[in-house]
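Everything on this sheet refers to the single structure shown next.
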Amino acid sequence: MRLMHVDDSNTAIISVADLNRRAREFIEAGFPLLWVGGEISNFTRAASGHCYFSLKDASAQVRCVFFRHKAALVDWKPENGMQVEVRALPTLYEARGDFQLTVENMRRSGLGALFEAFERLKRKLEQEGLFDPARRKPVPQFPRCVGVVTSPKAAALRDVLTTLARRMPGIRVVLYPTPVQGEGAGEKIAQAIRIASARAEADVLIVCRGGGSMEDLWAFNEEVVARAIVDCAMPVVSGVGHETDFTIADFVADARAPTPTAAAELVSPNRVELLARLGVLGARLVRDIDRALGTRMQHLDYLGKRMVHPGERIGAELRHMGHLANRLRSATNHALDAVKWNLSGLAQRLRDGLPDIAAHSASQRDLRLRLQRGQARLLEQHEARLGRMQANLDHLNPQAVLERGYSIVAKPGGQIVRSSQQVAAGEVLRLTFARGAAQTKVEHTETPEE
């Protein structure tokens with residue numbers, strides 16, 4: 001074996017910090033955010049709130065850091081031995097040269113599959129139109145009976161009963177007991193909803209349970225529960241989990257409440273507010289009645305002042321009738337005088353309009369003579385005009401021209417020949433005379449000189 005000497009005197013030397021920095025940049029550029037699954041070990045939470053632990057499986061482990069502002073978003077407590085899935089960025093802690101994961105989010109193992117199943121069912125039901133707001137039934141404002149589908153041992157039931165008793169104690173409550181988590185809970189919840197719908201005891205149905213992890217609430221994400229809520233005959237209010245929890249039941253229900261307590265408030269009127277409103281309306285009614293009575297009494301006093309004794313009213317009416325009778329007589333006499341005056345005027349005009357028969361007869365004879373003379377003179381004028389028109393017609397008559405020895409030359413098609421330029425040698429022409437016609441053949445033509 002031969003050893004070779006390498007001259008590295010000119011090779012640049014970098015510091016450890018520069019090396020770790022380059023390694024960190026190389027690792028972060030080569031790995032995107034990714035999900036890593038494993039078991040938590042050596043979990044510690046520093047006074048600053050940052051969490052440090054290792055994520056391991058059967059053959060390897062990796063250090064992890066979960067900073068406080070991200071860890072605060074996890075609503076459950078991570079502990080050693082838990083199987084989890086972390087969304088993290090691979091990096092290098094330059095100070096110690098340790099390879100580690102910077103965790104952005106953490107969930108319990110298996111939640112990824114649950115999220116996928118949740119989204120898959122959500123898309124399916126949404127495409128079927130089960131989330132359409134037009135399908136939802138209105139929640140009654142004053143229900144007489146409220147049905148509750150939940151576990152008899154659940155704290156959600158106590159919250160609902162307490163809220164209903166506080167807001168409207170007179171509302172009857174019917175419990176349809178069912179497990180709300182565990183194996184087969186979804187089918188049992190759906191069966192309880194179907195029983196409530198078939199019995200039709202309640203005006204509105206609350207489906208509720210308290211908060212928990214996604215696995216705890218998974219029964220309310222099952223399709224059988226969603227179908228039962230959609231098919232329920234009465235309006236269904238979903239009050240599952242806390243304000244940040246959303247289930248398939250929330251999307252298909254006729255109304256969604258963030259908590260069981262909010263669901264009870266949604267279906268029940270507030271007795272205190274109603275009593276206060278009734279008090280306001282009662283006081284307003286009393287004021288309106290008092291005002292109306294005052295107005296009526298004032299009007300009654302006004303009418304009382306206008307009332308008079310019947311005898312005085314009759315006397316006034318008799319005096320008024322006497323006055324009207326005098327006015328009637330005066331008006332009648334005046335009208336008769338006017339009619340008499342008009343009649344005398346018409347009689348005078350009639351006498352003045354009698355016809356003068358002799359004068360009319362003389363005028364008629366004079367008009368008759370004028371008519372006869374005018375008629376004779378008009379006839380003479382028309383006869384002279386007709387004579388002139390006849391002479392003009394005779395003068396323009398082609399036959400008269402032919403009688404003087406002229407003839408009409410036409411082509412075989414009937415076109416009249418007026419110039420030698422219209423015919424050619426050898427062409428056959430038709431000659432029309434005063435009496436009869438003949439055909440001739442052109443031997444030659446002569447063009448007139450200008």
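Only residues that are closer than 30 Å to A228 by Cβ and in a strand (DSSP E or B): list them for the stretch 97-129, please.
Correct list: R107, R108.
Would you confirm whether or not the stretch 267-284 contains a residue that is assigned to a helix (DSSP H, G or I) and under 32 Å from the mean Cα position of the chain (by Cα)?
Step one: list which residues in the stretch 267-284 are assigned to a helix (DSSP H, G or I), which gives 267, 271-284.
Those left that are additionally under 32 Å from the mean Cα position of the chain (by Cα): 267.
For the stretch 267-284, residues assigned to a helix (DSSP H, G or I) and under 32 Å from the mean Cα position of the chain (by Cα): present.
Residues checked against (1) touching a strand residue (DSSP E or B) at 6+ places or on another chain (Cβ under 7 Å); (2) under 18 Å from T259 (Cβ atoms); (3) surrounded by 13 or more Cβ atoms within 10 Å (Cβ to Cβ):
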residue	(1), (2), (3)
E119	no, no, no
A134	no, no, no
Q141	no, no, no
A154	yes, yes, yes
Q181	no, yes, yes
I193	yes, no, yes
S197	no, no, yes
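Looking at this structure, is G413 closer than 29 Å to T445 by Cα and either touching a Lys or Arg at 6+ places or on another chain (Cβ under 8 Å) or outside any strand (DSSP E or B) (or both)? Working first, answer last.
Values: closer than 29 Å to T445 by Cα: yes; either touching a Lys or Arg at 6+ places or on another chain (Cβ under 8 Å) or outside any strand (DSSP E or B) (or both): yes.
Yes.
Given the conditions (1) within 11 Å of N105 (Cα to Cα); (2) of a type in the set (A, V, I, L, M, F, W, C); (3) surrounded by fewer than 17 Cβ atoms within 10 Å (Cβ to Cβ); (4) in contact with a Leu (Cβ under 8 Å, 6 or more places away or on another chain), and given that A23 satisfies all but one, which numbered condition is not satisfied?
(1)
If you take the residues in the stretch 102-141 that are among the polar types (S, T, N, Q) and more than 33 Å from the chain's Cα centre (by Cα), which one is modelled with the highest pLDDT?
Residues of the stretch 102-141 among the polar types (S, T, N, Q): 102, 105, 109, 127, 141.
Adding the requirement that they be more than 33 Å from the chain's Cα centre (by Cα) leaves 102, 105, 109.
On the way: T102: 92, N105: 88, S109: 73.
The selected residue is T102.
So which residues in the stretch 58-89 are of a type in the set (F, W, Y) and out of contact with any Gly (no Cβ under 9 Å at 6 or more places or on another chain), if there are any at all? Step through it out loud before you land on a result.
We begin by selecting, within the stretch 58-89, every residue of a type in the set (F, W, Y); these are 66-67, 76.
The answer is F66, W76.
Name the helices (runs of 4 or more DSSP H) wholly inside the stretch 149-253 in which the number of residues that are within 38 Å of the chain's Cα centre (by Cα) is 3 or more. Talk me through it step by step, then tell me what you get.
On the way: elements: 155-167, 185-199, 223-231, 248-252.
Because the criterion is at least 3 residues that are within 38 Å of the chain's Cα centre (by Cα), the helices (runs of 4 or more DSSP H) in the stretch 149-253 that meet it are 185-199, 223-231, 248-252.
What are the pairs, 6+ residues apart or on separate chains, where a residue within the stretch 246-273 that is over 21 Å from A228 (Cα atoms) and in contact (Cβ under 8 Å) with a residue 60 or more places away in the chain has its Cβ under 9 Å from a residue that is assigned to a helix (DSSP H, G or I) and of a type in the set (D, E)?
Hits for this filter: T261/D159.
Can you tell me which residue within the stretch 231-265, out of those that are among the hydroxyl-bearing types (S, T, Y) and buried (at least 24 other Cβ atoms within 10 Å of the Cβ), is nearest to R135 (Cα to Cα)? Show your work before the answer.
Residues of the stretch 231-265 that are among the hydroxyl-bearing types (S, T, Y), as a first pass: 238, 244, 247, 259, 261.
Next, only the ones that are buried (at least 24 other Cβ atoms within 10 Å of the Cβ) stay: 238, 247.
Values: S238: 16, T247: 18 Å.
Of everything passing the filter in the stretch 231-265, S238 is nearest to R135 (Cα to Cα).
Of the residues in the stretch 356-366, how many are surrounded by 10 or more Cβ atoms within 10 Å (Cβ to Cβ) and either within 30 Å of L429 (Cα to Cα) or among the aliphatic types (A, V, I, L, M) (or both)?
Final tally of qualifying residues: 1.
Residues are listed down the side, and each one gets a yes or a no for (1) assigned to a strand (DSSP E or B); (2) modelled with pLDDT of 90 or more:
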site: S59; (1), (2): no, no
site: V62; (1), (2): yes, yes
site: V65; (1), (2): yes, yes
site: K77; (1), (2): no, no
site: V84; (1), (2): yes, no
site: A88; (1), (2): yes, yes
site: A95; (1), (2): no, no
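Only one of T244, T295 is farther than 12 Å from C208 by Cβ, out of contact with any helix residue (DSSP H, G or I) (no Cβ under 9 Å at 6 or more places or on another chain) and in the same structural domain as G184 (by TED's automatic domain parsing). Can you tell me which?
Details: T295 fails: in the same structural domain as G184 (by TED's automatic domain parsing).
When all the criteria are applied, what remains is T244.
Return the total of residues in the stretch 54-97 being closer than 28 Å to D18 by Cα, surrounded by fewer than 17 Cβ atoms within 10 Å (Cβ to Cβ) and of a type in the set (S, T, Y).
Number satisfying all stated conditions: 1.
Within the stretch 391-413, work out how many residues are surrounded by fewer than 14 Cβ atoms within 10 Å (Cβ to Cβ) and either touching a Pro at 6+ places or on another chain (Cβ under 6 Å) or not hydroxyl-bearing (S, T, Y) (or both).
15
Would you check if there is a residue in the stretch 204-211 being among the small types (G, A, S), in the same structural domain as V174 (by TED's automatic domain parsing) and under 15 Å from A156 (Cα atoms)?
Residues of the stretch 204-211 among the small types (G, A, S): 210-211.
With the extra rule that they be in the same structural domain as V174 (by TED's automatic domain parsing), the set shrinks to 210-211.
Pick out the ones that are also under 15 Å from A156 (Cα atoms) and you get 210-211.
Scanning the stretch 204-211, I find at least one residue that is among the small types (G, A, S), in the same structural domain as V174 (by TED's automatic domain parsing) and under 15 Å from A156 (Cα atoms), so the answer is yes.
Does the stretch 378-386 contain at least one residue that is closer than 30 Å to R435 by Cβ, without any contact (Cβ under 8 Å) to a residue 60 or more places away in the chain and either β-branched (V, I, T) or in a helix (DSSP H, G or I) (or both)? Don't jump to the end; show me each part of the working.
Taking the stretch 378-386 and keeping what is closer than 30 Å to R435 by Cβ, we get 386.
Narrowing the set further to residues that are without any contact (Cβ under 8 Å) to a residue 60 or more places away in the chain leaves 386.
With the extra rule that they be either β-branched (V, I, T) or in a helix (DSSP H, G or I) (or both), the set shrinks to 386.
Scanning the stretch 378-386, I find at least one residue that is closer than 30 Å to R435 by Cβ, without any contact (Cβ under 8 Å) to a residue 60 or more places away in the chain and either β-branched (V, I, T) or in a helix (DSSP H, G or I) (or both), so the answer is yes.
If R351 passes every condition in (1) among the basic types (K, R); (2) surrounded by 10 or more Cβ atoms within 10 Å (Cβ to Cβ); (3) modelled with pLDDT under 80 but one, which one does it miss?
The one condition R351 does not meet is (2).
The values are calculated or read from the model by the stated rules, or taken from the named source; none is laboratory data. Quick caveat, the model's predicted, so the values are computed rather than measured. Here the Cβ is made from the backbone with ideal geometry for all residues, glycine too, and neighbour counts use every protein chain on show.
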